[in-house]
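The values are calculated or read from the model by the stated rules, or taken from the named source; none is laboratory data. As the structure is a prediction and not an experimental result, all values here were calculated from the model. Quick reminder, even Gly has a Cβ in these numbers, built from the backbone with ideal geometry, and neighbours come from all protein chains shown.
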Amino acid sequence: MVAETARRMIEVVKSDPLTWQPILLTPHGMPQEVRTRIDGDRDRVTIQIAGLLELGLAIRGGPVLDAEVLAHAIVATLEHFGRILLTEPDRFETDRLVATIVGLLNALK
């Protein structure tokens, strides 16, 4: 499920770079209303990821990890991958990015 979701998100960014550029590359002079909307959406995604992590971490047991901090790290990583897709579209293949995302999440097991 994680791999398929990551693959779909990568394809969404690749297929519509004009939509994602202002979100991920934040041009200078962006209107405050747009910036506020993007920040709010990012916060909502981070909260959703934190909730999923809390469930997953509780199920797996083991060492205690801070789901909120981890969610911020995951969102930052995903945004960085998105910027790479926009600025260097030929540098990383989709399979390579998906494998890295899956590997990072598997390391939490």
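Worth pointing out:
- Cβ-Cβ under 9 Å pairs, at least 6 apart or on other chains, the stretch 1-27 side touching a residue at least 12 places away in the same chain (Cβ under 8 Å), far side part of a loop (DSSP other than H, G, I, E, B): Lys14/Pro89; Pro17/Pro89; Gln21/Pro27; Pro22/Met30
- Within the stretch 1-56, tally of residues that are among the aliphatic types (A, V, I, L, M), more than 12 Å from the chain's Cα centre (by Cα) and within 21 Å of Ala99 (Cα to Cα): 5
- Condition check for Ala50: in contact (Cβ under 8 Å) with a residue 40 or more places away in the chain and either among the acidic types (Asp, Glu) or not in a loop (DSSP other than H, G, I, E, B) (or both): no
- Residue match in the stretch 101-108 (condition: exposed (fewer than 15 other Cβ atoms within 10 Å of the Cβ), outside any helix (DSSP H, G or I), hydrophobic (A, V, I, L, M, F, W, C) and free of Cβ contacts under 8 Å to residues at least 12 places away in the same chain): yes
- Among the residues of the stretch 11-37, the ones that are of a type outside the set (S, T, N, Q) and assigned to a helix (DSSP H, G or I) come to 14 in all.
- Extreme residue, farthest from Leu78 (Cα to Cα), among residues of the stretch 31-46 that are of a type outside the set (Lys, Arg) and surrounded by 13 or more Cβ atoms within 10 Å (Cβ to Cβ): Val34
- Conditions (1) touching a Leu at 6+ places or on another chain (Cβ under 7 Å); (2) within 21 Å of Thr19 (Cβ to Cβ): number failed by Ile84: (1)
- Annotation note: of Gly56, Gly82, the sole residue that is surrounded by 13 or more Cβ atoms within 10 Å (Cβ to Cβ) and within 15 Å of Leu108 (Cβ to Cβ) is Gly56.
- Top-ranked residue in the stretch 56-83 [being part of a helix (DSSP H, G or I) and farther than 20 Å from Thr46 by Cβ; ranked as modelled with the highest pLDDT]: Ile59
- Meets criteria (touching a Lys or Arg at 6+ places or on another chain (Cβ under 8 Å) and either exposed (fewer than 13 other Cβ atoms within 10 Å of the Cβ) or more than 24 Å from Glu11 (Cα to Cα) (or both)) for Pro89: yes
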